[in-house]
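Novice: The structure that follows is given in the form of structure tokens.
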Amino acid sequence: MANSPHKMLFHKRLEGPQTLGKGKGFWSGFLLVLAAACVYPLFADGYDVGNNVYFFNWVFMALGLCLIWGYGGILSFGQVAFFGIAGYCYGILTINWGAAYGLSLVALGLAVVVAGLVAALLGYFLFYGRINGVFLGIVTLSFTLVCERFMAQTAGPQWTVGTARLNGFNGMGGMPPLTIPWFGNDIILFPDVQLYYLILALLVAVYLGLRVLLNSRFGNVLVALRDNPERAEMLGYDIRRYQLTAFVIASMLAGLSGALYTAWGQYITPSSMGMTAAALPIIWVAVGGRGDITTTLVGTLLVLAGFQALTVYGSQYALVLMGALLVITVLAAPQGLVMGVVNLTTRLWRRFTKEARS
Amino acid sequence: MTTSTPILETQGLNKWFGGLHVTNEVDFRLDPGEIHCLIGPNGAGKSTLFKLLLGEHTPSAGRILFEGKEITIEPSFARIRRGISVKFQVPGIFKELRVHHNLEIALQRRLKGDALDAEIERLLGFLNLREQADKLAGALSHGQKQWLEIGMAVSLRPKLLLLDEPTAGMTPDETHATGEVIQALNAEGVTVLAVEHDMAFVRQIAQRVTVLHFGAVFAQGTIDEIVADDRVAAIYLGQGYD
């Protein structure tokens, strides 16, 4: 019996052919994890909560990369460029404006928009120039390295925007944290618990929003052009427009990561757009399983936590191990380690239920 | 030949790849409602002509018109939206996606909701793929892949259907059945242009035949006229003629 999962209603698109997880079991688990994440700050100390904020910050960029790479088949090696652009944007705007009247939130929004505009311009030339495959990776990587080089030479006092010093490799610091205006008594989202809840809410919104987007007609075309771009075009889809849209959304998510990171740490440096920084998101997404946003989300958090544990507990080789992890993933579980575990358990579960029935 | 506007027309179409002249002054017209086969020895430029018609290659010189409107430099997707559809030689399907999902993607520009579901169901029945609806398209047999792609191409409700060796790799029975489907579509008003090697199949479906040789139109006529033409036999046997 054919089971066409086409759904008219918006909320029904939360599940569908492009996302793992459906039915009561999955969503009960989702709510349980969400509830645990909500009560977690009540039991943990401030440092750990802040640390989780740090992890969550990166996930937006990873989800964006999953969207274009995993679903759209476009490997962008330069998502950190948009991370950095939005981070610097947030810094420049808030240092000049301050954080009163909700201006830090406006700056956050504008930083994301600027990242999106830059992505639209770069993406226009890439996709309308029909550049694809490995060349896309090369151009996007070059772009982020150019951004890094440019910011690296801004140490001199002549490099200021208003009152904000760009400060070269010393990094730009001193920007105010996110602040919500509240009847004469502003809520400063710093350092941990309040910011944690804001970012958790954003993360849930982005995750669910992406699920809906991926199971929509747009998502259908995206996976179609990953699979066979020629056929997708010969069904009447302007694939360049779909690629560009996905790239802009992904880059805005990278920008969101960058602006939130800058607000959280009150600091941003050019190395956030460097070679190492550019490689890490690829590892998070590949290890989790780029074919699905849930495995990407879980994988990213696991790898980030593992990476931090390695660096904190004395290993000088954390980056080398990250590289090794990528190689192991590519060789042993090309779909991703988390995805591999999911597939294995599904297969075992099927066999188990089949045996139970017979 | 009728005097109405041709559904597809090329005027002085040329394509060079470096020094290689693969399409040579092709003037070609396709009347609405006909089934036309394009034949010719390997390397005659049939595939290149198809790619020019589809917008995958840009002509070096000449014009292409669809229903009297110039489409020479239009991107592929825009030509499809005008009413052209294509079935590739190597089955152009979405291998990593399920069969019903393939059809959904083909249909979703035109239909949504219950109408979309109903049309997917109807097509699955028509293509004899109902059992395979939840399979990955890449896991289908070769013949089934061909059928799925025909289904996807047809689901756009094209005015003109381009078929690049639609029966390649099919059994004689499948080939014959495919011919019947093409004739049924034609009866509904779809114009068909097919590249084909199988002369039995050409005889089954073609109303007119064009022979390409060295990128140029070599002969044109009914299948009987073409078969009776000694020059055509000569190029197929790889011999020159004086």
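Novice: How many lysine pairs does chain B hold where the Cα atoms are under 13 Å apart and the two sit 8 or more places apart or on different chains?
Specialist: Details: B:15/B:46; B:15/B:51; B:51/B:87; B:87/B:145; B:95/B:135; B:95/B:145; B:135/B:145.
Lysine pairs satisfying the spacing and distance rule in chain B number 7.
Novice: Which ³J(HN,Hα) values in Hz, rounded to whole numbers, follow from the phi angles of segment B:171-179 under the Karplus curve 6.51 cos²θ - 1.76 cosθ + 1.60, where θ = phi - 60° and Gly and Pro get x?
Specialist: Residue by residue, segment B:171-179 yields 6, x, 5, 4, 4, 5, 4, 4, x Hz.
Novice: Report the Cα-based extents of chain A along its three principal axes, largest first, to the nearest Å.
Specialist: Extents along the principal axes, in whole Å: 74, 53, 46.
Novice: Let me check I have the definition right: for segment A:151-303, take the eigenvalues of the Cα gyration tensor, multiply each by 5, take square roots. What are those semi-axes in whole Å, largest first?
Specialist: Working: eigenvalues 234, 92, 51 Å².
Taking √(5λ) for each eigenvalue gives 34, 21, 16 Å, largest first.
Novice: Out of the DSSP beta bridges found with both residues in the protein assembly as shown, what percent are antiparallel (nearest 5)?
Specialist: On the way: 27 of 44 bridges.
Bridges in the protein assembly as shown that DSSP calls antiparallel: roughly 60 percent.
Novice: Which of A:141, A:42, A:65 ends up with the largest GNM mean-square fluctuation for chain A, with Cα atoms connected below 10 Å?
Specialist: A:42
Novice: For peptide A:215-228, how many partner chain Cβ atoms fall within 10 Å of a residue's Cβ, on average? Mind dumping the intermediate values first?
Specialist: Details: counts 0, 1, 6, 0, 0, 6, 3, 0, 5, 10, 2, 3, 9, 10.
What the average comes to for A:215-228 is 4.
Novice: Still on this model: For segment B:49-207, build the charge dipole from Cβ charges (+1 Lys, Arg; -1 Asp, Glu) around the Cα centre, then report which of B:205, B:72, B:167 sits farthest towards its positive end.
Specialist: Toward the positive end, the furthest listed residue is B:72.
Novice: Per residue of B:106-115, what is the mean number of Cβ atoms on other protein chains within 10 angstrom of that residue's Cβ? It would help to have the intermediate numbers written out before the result.
Specialist: On the way: counts 6, 2, 8, 5, 1, 1, 3, 3, 2, 1.
If you average over the peptide's residues, the count of other-chain Cβ atoms is 3.
Novice: Cα extents of segment B:2-46 along the three principal axes, largest first, in whole Å?
Specialist: Largest to smallest, the principal-axis extents are 37, 21, 10 Å.
Novice: Once the convex hull of the C-alpha atoms of segment A:179-264 is built, how many Å³ does it hold per residue, rounded to a whole number? Please report the intermediate quantities before stating the final value.
Specialist: Numbers: hull volume 9.8 nm³, N = 86.
Dividing the Cα hull volume of segment A:179-264 by its residues yields 113 Å³.
Novice: Determine the relative contact order of chain A: mean sequence separation of Cα pairs under 8 Å and six or more apart, normalised by residue count, in whole percent.
Specialist: Values: 536 pairs, mean separation 105.4, N = 358.
Taking the mean separation of contacting Cα pairs over the length of chain A, I get 29 percent.
Novice: How high is the relative contact order of segment B:149-207, in percent, counting Cα pairs under 8 Å that sit 6 or more residues apart? All intermediate terms of the calculation are to be shown ahead of the outcome.
Specialist: Numbers: 46 pairs, mean separation 25.3, N = 59.
Across segment B:149-207, relative contact order equals 43 percent.
Novice: Further question: Would you work out the Kirkwood radius for chain B? I mean one over the mean of 1/r across all pairs of different Cα atoms, in Å. Write down the numbers at each step before the final one.
Specialist: Working: mean 1/r = 0.0535 Å⁻¹.
Across chain B, the inverse of the average 1/r is 18.7 Å.
Novice: Another question, if that's okay. Which of rounded, prolate, oblate describes segment A:14-136, given a ≥ b ≥ c as roots of the alpha-carbon gyration tensor eigenvalues and a/c under 1.5 marking rounded, otherwise prolate only if a/b is larger than b/c?
Specialist: Details: a/c = 2.42, a/b = 1.12, b/c = 2.16.
Since a/c reaches 1.5 but b/c is at least a/b, the shape of segment A:14-136 is classed as oblate.
Novice: Could you check what % of the DSSP bridge pairs in chain B are antiparallel, to the nearest 5? The partial results should precede the final answer.
Specialist: Working: 20 of 37 bridges.
Just about 55 percent of them are antiparallel.
Novice: Residue-wise, which Karplus ³J(HN,Hα) couplings in Hz belong to segment A:27-36, taking 6.51 cos²θ - 1.76 cosθ + 1.60, θ = phi - 60°, and x for glycine or proline?
Specialist: Result, ordered by residue: 6, 5, x, 4, 5, 4, 4, 4, 4, 4 Hz.
Novice: Here's another thing I want to ask about it. Could you tell me the relative contact order of chain B? Use alpha-carbon pairs under 8 Å, at least six residues apart, and round to a whole percent. Spell out each step's value before the answer.
Specialist: Numbers: 428 pairs, mean separation 64.1, N = 242.
RCO, chain B: 26 percent.
Novice: Shifting gears a bit: Debye calculation, C-alpha points only, no solvent: report log10 I(q)/I(0) for the protein assembly as shown at q = 0.05, 0.12 Å⁻¹, in the same order as the q values.
Specialist: The computed values of log10 I(q)/I(0) come out as -0.29, -1.17.
Novice: I've got another one for you. Rule-of-thumb check for segment B:95-155: C-alpha Rg over 2.2 N^0.38 Å? Before the final figure, lay out the partial values.
Specialist: Numbers: Rg = 10.4 Å, N = 61, 2.2 N^0.38 = 10.5 Å.
So the Cα radius of gyration is 0.99 times the expected 2.2 N^0.38 Å.
Novice: Taking a ≥ b ≥ c as the square roots of the eigenvalues of the Cα gyration tensor of segment A:120-214, is the shape rounded (a/c under 1.5), prolate (a/b larger than b/c) or oblate? The partial results should precede the final answer.
Specialist: Numbers: a/c = 2.88, a/b = 1.20, b/c = 2.40.
Since a/c reaches 1.5 but b/c is at least a/b, the shape of segment A:120-214 is classed as oblate.
Novice: Pull up all non-local amide H partners of residue B:216: gap of 5 or more, or a different chain, and H-to-H distance under 5 Å with H placed in the peptide plane.
Specialist: For residue B:216, the qualifying residues are B:24.
Novice: Taking each residue in B:72-80, count the Cβ atoms of any other chain within 10 Å of its Cβ, then average. What number comes out? Don't jump to the answer; show the numbers that get you there.
Specialist: Details: counts 0, 0, 0, 4, 7, 10, 3, 3, 6.
Counting Cβ atoms of other protein chains within 10 Å of each residue's Cβ and averaging gives 4.
Novice: Using the Karplus equation 6.51 cos²θ - 1.76 cosθ + 1.60 (θ = phi - 60°), what ³J(HN,Hα) coupling, rounded to whole Hz, does each residue of segment B:27-38 give in order, writing x for Gly and Pro?
Specialist: Coupling constants for segment B:27-38: 10, 9, 9, 10, 8, x, x, 8, 10, 10, 10, 10 Hz.
Laboratory data are not the source of any read-out in this text; all were calculated from the coordinates shown. Owing to the predicted nature of the structure, the values given are computational and were not obtained by experimental measurement. So basically every Cβ, Gly included, is an ideal-geometry build from the backbone, and we count neighbours across all protein chains shown.
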